[in-house]
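The values are calculated or read from the model by the stated rules, or taken from the named source; none is laboratory data. None of these values were measured; they are calculated from a predicted model. Because the Cβ atoms are built from the backbone with ideal geometry, glycine has one as well, and the counts that use them run over all protein chains shown.
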Ligand SMILES: [Zn+2]
């Protein structure tokens, strides 16, 4: 129990604390410099922090129809897997772009990603390549520096898994990939050119698109061998789950419950152009009809056909073009192309949220704050602050009352 002396000290402290808002408000009303500093602080705090949360709060997880909403893990019913998919963050190196551009855009990406981690809390994040802008050129010292920055910006909470695939800016287009560059990327991000992962009963195949050149190089032949193995693993798992008699080759593969896979890669599957993309963040009209070059803007027709045969995906998700797209291949298999996550490449960047069970899925697009909106908020806010400095024109007279004055 506090003594009488302590009690009176506490009362005095409480009294002083209660006076603080009144004092701030008094100076806010009467002192233009104080008012200017407080309003500028509030404007910057809103534009650089709160706005990201307000915009991303509007984005919700998609929902599956009730009868499709449950998956199974080890025979037990489970809620759908919640996955976030981003692409083309292109964090700047030391050659391209202005330092102010780097600071500004990377702050925006970090705030958006971290806001989404807090609000959406996905179980798994897939990053579909071109994480770095100059990974293809930089020295090992520079590479390590940018990887460290990337991992800080895109830090995920414990309990969230991250999977990445390589993009052409991470290791180069096929003609310039060196073993060294590819291996250092794979090591830094714990990935490999072809991976099959099973998460909560959902199967994903992750692919390095540049390994699909089809010229028999070391990287390409290893990838083709791995894809052929995966194709067999999938066939065996499917046959076994359907109770079919399977060939002896199936005994050599890991056993898992078959779920038609989801293919994740940097390049989109072959499409002639973005002409049929109609999502809100699709390419602008002056880019939409430019024909895609196979192996540069999308996979070749041949590689795409092979992937459909080997993997038979139920959904494909890709990046690379920097613009959003939704297309249906052969009128059956949907492909989402994710916009760039960086304001350097897109004024309205977006990412995908997907809820997935072993059989069903639903995907929705989420938009990051629009850079133009933030600029407009700054301009409007500064105008309001300047106008507010005109009032009051005269200092008010302060009247002290004997009963209320401070002791
Ligand atoms: Zn790319």
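Within the stretch 112-139, how many residues are without any contact (Cβ under 8 Å) to a residue 60 or more places away in the chain, out of contact with any strand residue (DSSP E or B) (no Cβ under 9 Å at 6 or more places or on another chain), over 15 Å from residue 350 (Cα atoms) and more than 14 Å from the ligand (Cβ to nearest atom)?
Adding up the residues that qualify gives 2.
Here is a check on your reading of the model: is residue 283 buried (at least 17 other Cβ atoms within 10 Å of the Cβ) and either farther than 21 Å from residue 167 by Cα or touching a residue at least 40 places away in the same chain (Cβ under 8 Å) (or both)?
yes
For the structure I just gave you, tell me whether residue 96 is at pLDDT 85 or above, in the same structural domain as residue 338 (by TED's automatic domain parsing) and assigned to a loop (DSSP other than H, G, I, E, B). Let's see the steps before the verdict.
Details: at pLDDT 85 or above: no; in the same structural domain as residue 338 (by TED's automatic domain parsing): yes; assigned to a loop (DSSP other than H, G, I, E, B): yes.
So residue 96 fails the test.
How many residues are within 30 Å of residue 322 (Cα to Cα) and away from the ligand (no atom under 16 Å from the Cβ) when one looks only at the stretch 248-273?
Qualifying residue count for the region: 7.
Which residue, of 281, 286, is closer than 30 Å to residue 200 by Cβ, assigned by TED's automatic domain parsing to the domain that holds residue 325 and modelled with pLDDT under 95? Talk me through it step by step, then tell me what you get.
Values: 286 fails: closer than 30 Å to residue 200 by Cβ.
Result of the check over 281, 286: 281.
Could you run through the stretch 262-280 and say how many residues are surrounded by 22 or more Cβ atoms within 10 Å (Cβ to Cβ), assigned to a loop (DSSP other than H, G, I, E, B) and under 21 Å from the mean Cα position of the chain (by Cα)?
4
In the stretch 153-179, which residue that is free of Cβ contacts under 8 Å to residues at least 12 places away in the same chain and away from the ligand (no atom under 16 Å from the Cβ) is surrounded by the most Cβ atoms within 10 Å (Cβ to Cβ)?
Let us first name the residues in the stretch 153-179 that are free of Cβ contacts under 8 Å to residues at least 12 places away in the same chain, namely 158, 175, 178.
If we keep only those that are away from the ligand (no atom under 16 Å from the Cβ) as well, we get 158, 178.
Numbers: 158: 4, 178: 11.
That would be 178.
How many residues does the stretch 288-323 contain that are away from the ligand (no atom under 15 Å from the Cβ) and either touching a strand residue (DSSP E or B) at 6+ places or on another chain (Cβ under 7 Å) or part of a helix (DSSP H, G or I) (or both)?
So the count comes out to 17.
Quick check on the stretch 155-177. Is at least one of its residues on the phi > 0 side of the Ramachandran plot and more than 25 Å from the chain's Cα centre (by Cα)?
No: the stretch 155-177 contains no residue that is on the phi > 0 side of the Ramachandran plot and more than 25 Å from the chain's Cα centre (by Cα).
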